[in-house]
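K.L.:
Before anything else, here's the structure in question.
The values are calculated or read from the model by the stated rules, or taken from the named source; none is laboratory data. Note that this is a predicted model, so its numbers are computed, not measured. Here the Cβ positions follow ideal geometry from the backbone for every residue, glycine too, while neighbour counts run over all protein chains shown.
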Amino acid sequence: MQNKVLKILMDNKGYISGQAISTQLGVSRQTVWKAVCSLREKGYEINSVTNKGYILVSEPNHLDEFAIKKYLHSNIIGREILVLDTIGSTNDYLKKLGGEGCTNGTVAASREQTKGKGRLGRGWVSKKDDCLSFSVLLRPKMAPNEISVITPLAGLAVCKAIRYFTGLDCKIKWPNDIVAGNKKLVGILSEISAEFGAVEYVVTGIGINVEQCSFPKEIADKATSLLIETGIHFNKNKFLACVLEHLEDEFVKNDLRFTHSALAEYSDLCITLDRRITFTRCGNKLEATAVEIDKNGELIAELDDKTRLSINSGEVIVQGIY
Ligand code: BTN
């Protein structure tokens, strides 16, 4: 009922009477009134004036399922979308739903994570309404060794979405961080469930720093947010819808492959290329120049003796960046 009343209020530019809403929905005015009260509790500002009725003044700027759906024009990603107030990790939550058979493209987002997970066993801090924390579940018909390109494709989509939505000149730090001004803005963590050589589902979790005005001192010189970079408070529901649309666009047009054009765009936006990097191989710390990304999304490093090595995971330190 709340969603139906909200849709009418959103579609209506001026005031609309409680009677008109109750007639449209075939319910009592009391039911409409209760729905309005519940919407107000969720953060929707709705004015009511005697003899005029109701008007929607503003929507909440915290994540809200209905508000996201209002802005979202996708076919697969976000067809099912769940917004939680708090959760340990949206990746863990969505993996559980994946095991229970949720549909391809399901999205789980949370206003807060209490046990957010990062790459390489690290944590990810997501305080209430600061970070856009969400996960997307896909059921690709692929072998487990083919899905490694999903994360860089997601990185490309998120980078393009941020550039489009905010105008910020952000870049991709291989393999899948998004950086702004040499500090980390976005982290991505994909997890896979496979059985008998086939992928059951892939959960790609994305954390975008949106509203933080500062970070704990351990990461203060490494992390940044959209607010710090632009000084703007963005509409999180509209922004999430934009990111989900970019994800769908990139996944569909590239058929979940690292196509020639995806690779070219990724390489153009990749801040790691042409820089000196440090990485570990067989326990040895090596220094090289990052020269190329290959069609599997691997980073090609050239040692000073011109030997080329491909790096597919692990930590790569890029000089000049956190
Ligand atoms: C990284 O270490 O850079 C990856 C961070 C990924 C964080 C996101 S937030 C949403 C999703 N849920 C998690 O627990 N982690 C990912």
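K.L.:
For the range 140-172, what are the residues that are of a type in the set (Val, Ile, Thr), under 18 Å from Lys236 (Cβ atoms) and surrounded by 21 or more Cβ atoms within 10 Å (Cβ to Cβ)?
P.N.:
Across the range 140-172, the qualifying residues are Val158, Ile162.
K.L.:
Regarding Tyr93, is this residue under 29 Å from Gly18 (Cβ atoms) and among the hydroxyl-bearing types (Ser, Thr, Tyr)?
P.N.:
Taking the combined requirement at face value, the residue does not satisfy it.
K.L.:
Another question, if that's okay. Restricted to the range 1-47, and to residues that are outside any helix (DSSP H, G or I) and loosely packed, with under 14 Cβ neighbours inside 10 Å, which residue is nearest to the chain's Cα centre (by Cα)?
P.N.:
Per the criteria, the residue is Gly43.
K.L.:
Turning to a different aspect of this structure: Considering only the range 199-227, state which residues are in contact with a Leu (Cβ under 9 Å, 6 or more places away or on another chain) and assigned to a helix (DSSP H, G or I).
P.N.:
Once the filter is applied, which keeps residues that are in contact with a Leu (Cβ under 9 Å, 6 or more places away or on another chain) and assigned to a helix (DSSP H, G or I), the range 199-227 yields only Leu226.
Listed here are the residues, each with its yes/no results for (1) closer than 30 Å to Phe251 by Cβ; (2) touching a residue at least 24 places away in the same chain (Cβ under 8 Å).
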site: Asp11; (1), (2): no, no
site: Gln24; (1), (2): no, no
site: Trp33; (1), (2): no, no
site: Val57; (1), (2): no, no
site: Leu63; (1), (2): yes, yes
site: Ile76; (1), (2): yes, yes
site: Thr86; (1), (2): yes, yes
site: Gly101; (1), (2): yes, no
site: Leu120; (1), (2): yes, yes
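K.L.:
Among the residues of the range 243-264, which ones are acidic (Asp, Glu) and surrounded by 18 or more Cβ atoms within 10 Å (Cβ to Cβ)?
P.N.:
Glu245, Glu248, Glu250
K.L.:
Determine which single condition Leu137 fails, assuming it passes every other condition in (1) surrounded by 14 or more Cβ atoms within 10 Å (Cβ to Cβ); (2) over 15 Å from the mean Cα position of the chain (by Cα); (3) part of a strand (DSSP E or B).
P.N.:
(2)
K.L.:
Please work out if Glu65 is in contact with a strand residue (DSSP E or B) (Cβ under 7 Å, 6 or more places away or on another chain) and among the charged types (D, E, K, R).
P.N.:
Judged against the criteria, Glu65 is a match.
K.L.:
Kindly evaluate Glu80 against the criterion of being under 30 Å from Ile8 (Cβ atoms), away from the ligand (no atom under 11 Å from the Cβ) and in contact with a Cys (Cβ under 8 Å, 6 or more places away or on another chain).
P.N.:
yes
K.L.:
When residues of the range 255-314 are filtered for being assigned to a strand (DSSP E or B) and touching a helix residue (DSSP H, G or I) at 6+ places or on another chain (Cβ under 6 Å), how many remain?
P.N.:
The qualifying residues number 1.
K.L.:
Yes or no: the range 109-121 includes at least one residue that is more than 14 Å from the ligand (Cβ to nearest atom), at pLDDT 95 or above, closer than 24 Å to Lys69 by Cα and under 14 Å from the mean Cα position of the chain (by Cα).
P.N.:
Looking through the range 109-121, none of the residues is more than 14 Å from the ligand (Cβ to nearest atom), at pLDDT 95 or above, closer than 24 Å to Lys69 by Cα and under 14 Å from the mean Cα position of the chain (by Cα).
K.L.:
Just to check your reading of the model, which residue among Lys184, Lys127 is within 23 Å of Cys213 (Cα to Cα), surrounded by fewer than 17 Cβ atoms within 10 Å (Cβ to Cβ) and within 13 Å of the ligand (Cβ to nearest atom)?
P.N.:
That would be Lys127, the only listed residue that is within 23 Å of Cys213 (Cα to Cα), surrounded by fewer than 17 Cβ atoms within 10 Å (Cβ to Cβ) and within 13 Å of the ligand (Cβ to nearest atom).
K.L.:
Could I ask something else about it? Please give the number of the condition Cys270 fails out of (1) touching a strand residue (DSSP E or B) at 6+ places or on another chain (Cβ under 6 Å); (2) exposed (fewer than 13 other Cβ atoms within 10 Å of the Cβ).
P.N.:
In the conditions (1) touching a strand residue (DSSP E or B) at 6+ places or on another chain (Cβ under 6 Å); (2) exposed (fewer than 13 other Cβ atoms within 10 Å of the Cβ), Cys270 misses (2) alone.
K.L.:
Just to check your reading of the model, which residue among Leu189, Leu132, Leu94 is near the ligand (Cβ under 9 Å from one of its atoms), touching a Ser or Thr at 6+ places or on another chain (Cβ under 9 Å) and in a helix (DSSP H, G or I)?
P.N.:
Leu94
K.L.:
How many residues does the range 193-226 contain that are aliphatic (A, V, I, L, M) and either within 14 Å of the ligand (Cβ to nearest atom) or modelled with pLDDT of 95 or more (or both)?
P.N.:
8
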